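The values are calculated or read from the model by the stated rules, or taken from the named source; none is laboratory data. Because the structure is predicted, anything quoted here is derived from the model rather than measured. Heads up, the Cβs are rebuilt from the backbone with ideal geometry, glycines too, and the neighbour counts pull from every protein chain shown. We work out accessible area using only protein heavy atoms, side chains counted, and drop any ligands, DNA or RNA first. Shrake-Rupley method; radii C 1.70, N 1.55, O 1.52, S 1.80 Å.
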Amino acid sequence: MAAATKTASPDSDLSEWPRLAGRQTPRLLSEWDGDDSDGVKAVELGRRVGKKAMPWQSTMLRAWMRRRPDGLWTHPECVAIIARQNGKTLLVILRILWGLFLANDRQGERIVYSAQRWPTAEDVYKRVWAIIEARPWLNRRVVQHTCSGGRGMIVTDRGARCAFVTRSADLGKGFDEVDLVIYDEAYNLTDTQTGALDPTQTASANAQTIYLSTAVDESTMPNCQVLAAIRRRGLANEEDLYFAEWSPEDGMPLDDPDTWAFVNPSYGVIQKPRFLRTKARNANTSRKRRIFELEFLNRGHWPKPEDDVELLVDLEEWSKMRCLTPKLTGPIALALSRTRSRDRWALAAAQHRVDGKVHVEVGYFRQATAQEVVRFVLAVLERSDPVALVMDSHDNAKSAVPLLTAAEVEPELLSASQYAEACGGFLDDATTNMLSHAGDAEILRDAVADATKRDLPRGDFVWDDSVGDSAAPLKAITLARWALITFGARAKKKPASPSRGTAQRTSTSRVTGELDLMAAGF
């Protein structure tokens, strides 16, 4: 590991923090040589706006902003894994302020700060804007600042800008060139989400990506593979990557103040002994101890490399099931789902093939209001005459039920046991080549690749929708298949026609050799 060029020792500033007792250097560290001048300016900017950095914060900020002799970032990728409530957000704020007001590269940086949840992104926007608004020498340089509709934006008079957003598969839309991407809450980051922003950085002359997170627990965080892969690169001391992790040594007791100080760099200032003592005493079950270790000691349960993980459905076999021109017959069934983040809706269809297999398709997966989705669903119902429109009774798509009911459409709401039955049946068909699929191959491939079971007490399971946006398309095709098998043979409990009430409708496409029935609506 190359020794970095330092401008100050972390211990040199401890006199300003008499109560600070946390270990200021991470247990695991990989960094490389360079000039820390920009980082020093960022730390000084923090002082000028009343946000003084603790020694570990100033050291990390200087490392992030270290430059090579050619002016490029020494660390185009930076990873920091630190327990909660230690002050990671201040690092983000100072890095953003420097990019907006001090960066000389191309008259400032174009920045995207993303979080898993909007309240987190909104909070960072408000904290950055509060600093700017309170200081005329910064405020007068801002030409635009907005925060509405799940997105915040700050733009300066020289063209620097920072967007504050939640992550989604189409996050890159609207950003043609990005210099800095900050992934907060990176424990729940997916390949689809990073893939949405990666192309926006290709045009940047000096791009940088920062990942911030706590440690992960693979049993409760199924989307932790992206962060885990980057961590493995840091542990391997990969060149150009900055990696820092505060975590306990093996065998350190969870209820020992020395452990708390070892793993929390802000111990004594932000993290307090009395608070941690109370939390440790309450960790009186194995589950509570595991949560305490994860949240406050940063002791992770990291997954194996993704290549070593056994997928529920073999992706090569799933790819072979793709069929763009199936021979279809009989009725069609529809299903609606919505992502856990409530950002996107998925509408899927299922129909039997003449050879007995079930063909599934996702025809709609996008951001929309409930009203927009209902209008689309009504158009599909008019054209495809389905035997049922189904939803999981616990799905976020349930918010559309009143609007559908007002349009005289009666969707079927599955109980927990019915949803478990649907998931088990879908997995059986997907692993015995009894399905085929069409539509957006990438959406369905991601859905199957991310498929994770959430086991239920009786031994059955449902899909874990905490894996991210890909869970909604998987859920939709699962429900559509179940609806087709359940209601297709008897062709009853049909959703009411939005134009004719419950009157019987006719269809000219009940038996077809083309994909026209499913394609008609989509």
**Asked** Can you give me the relative contact order of segment 246-366 as a percent, contacts being Cα pairs under 8 Å and 6 or more apart?
**Response** 15 percent
**Item:** Stretch gain in nm, segment LYS453-HIS301, where the contour uses 0.36 nm per residue and the Cα spacing is subtracted
**Value:** 52.9 nm
**Prompt:** With θ set to phi - 60° and the Karplus curve 6.51 cos²θ - 1.76 cosθ + 1.60, what are the ³J(HN,Hα) couplings of segment 181-190 in order, to the nearest whole Hz, using x for Gly and Pro?
**Reply:** 10, 10, 9, 7, 6, 6, 5, 10, 9, 10
**Message:** I'd like the per residue volume of the convex hull spanned by the Cα atoms of the chain, given in cubic angstrom.
**Reply:** 167 Å³
**Prompt:** Relative to the Cα centre, what is the charge dipole magnitude of the chain, using +1 at the beta carbon of each Lys and Arg, -1 at the beta carbon of each Asp and Glu, and rounding to the nearest 20 debye?
**Reply:** 1880 debye
**Request:** Can you tell me the relative contact order of the chain? Whole percent, Cα pairs under 8 Å, sequence separation 6 or more.
**Result:** 15 percent
**Asked** What residues qualify as long-range amide H neighbours of ARG366, i.e. H under 5 Å apart, gap of 5 or more or another chain, H built at 1.01 Å from N?
**Response** TRP345
**Asked** Antiparallel DSSP bridges in the chain: what percent, to the nearest 5?
**Response** 50 percent
**Asked** Rounded to the nearest 10 Å², what accessible area does ILE270 show when all protein chains are kept and the probe is 1.4 Å?
**Response** 70 Å²
**Request:** Would you please give the residues with an amide H less than 5 Å from that of LEU28, counting only those at least 5 places away or on a separate chain, with H modeled from the backbone geometry?
**Result:** GLU245, SER247
**Complete:** Under the helix-only model (-39500 (n - 2.57) for each DSSP H run of 4 or more, divided by the residues of the chain), the mean residue ellipticity at 222 nm, to 500 deg cm²/dmol, is -10000 deg cm²/dmol
**Asked** Quick one: which of LYS357/LYS475; LYS320/LYS453; LYS304/LYS475; LYS88/LYS272; LYS357/LYS453; LYS52/LYS88 span more than 21 angstrom between C-alpha atoms?
**Response** LYS320/LYS453; LYS304/LYS475; LYS357/LYS453
**Item:** Fully extended contour minus Cα-Cα distance, from LEU312 to MET252, at 0.36 nm per residue
**Value:** 18.0 nm
**Message:** How large is the accessible surface of LYS357 in square angstrom, using a 1.4 angstrom probe and rounding to the nearest 10?
**Reply:** 40 Å²
**Prompt:** Beyond 20 Å, what percent of the Cα pairs of segment 12-110 remain?
**Reply:** 37 percent
**Message:** Can you compute the equivalent ellipsoid semi-axes for segment 91-235, i.e. the square root of 5 times each eigenvalue of the Cα gyration tensor, sorted largest first and rounded to whole Å?
**Reply:** 27, 16, 14
**Prompt:** With every protein chain in place, what's the accessible area of THR166 (1.4 Å probe, Å², nearest 10)?
**Reply:** 30 Å²
**Item:** Per-residue HN-Hα couplings for segment 351-360 [Karplus 6.51, -1.76, 1.60; θ = phi - 60°; Hz; x = Gly/Pro]
**Value:** 8, 6, 9, 5, 8, x, 6, 9, 9, 10
**Request:** Tell me the GluC sites (Glu not before Pro) within segment 180-286 that lie in a loop according to DSSP and have at most 12 other beta-carbon atoms within 10 Å.
**Result:** GLU239, GLU249
**Prompt:** What's the FRET efficiency of ARG47 with SER219 using the Cβ-Cβ distance as r and R₀ = 45 Å, to the nearest 0.05?
**Reply:** 0.60
**From phi via Karplus (6.51, -1.76, 1.60), per-residue ³J(HN,Hα) for segment 129-146 in Hz, x at Gly/Pro** = 5, 4, 5, 5, 4, 7, 10, x, 5, 9, 4, 5, 8, 8, 9, 7, 8, 9
**Student exercise, segment 153-241 dipole from Lys, Arg, Asp, Glu Cβ charges, in Debye to nearest 20** = 100 debye
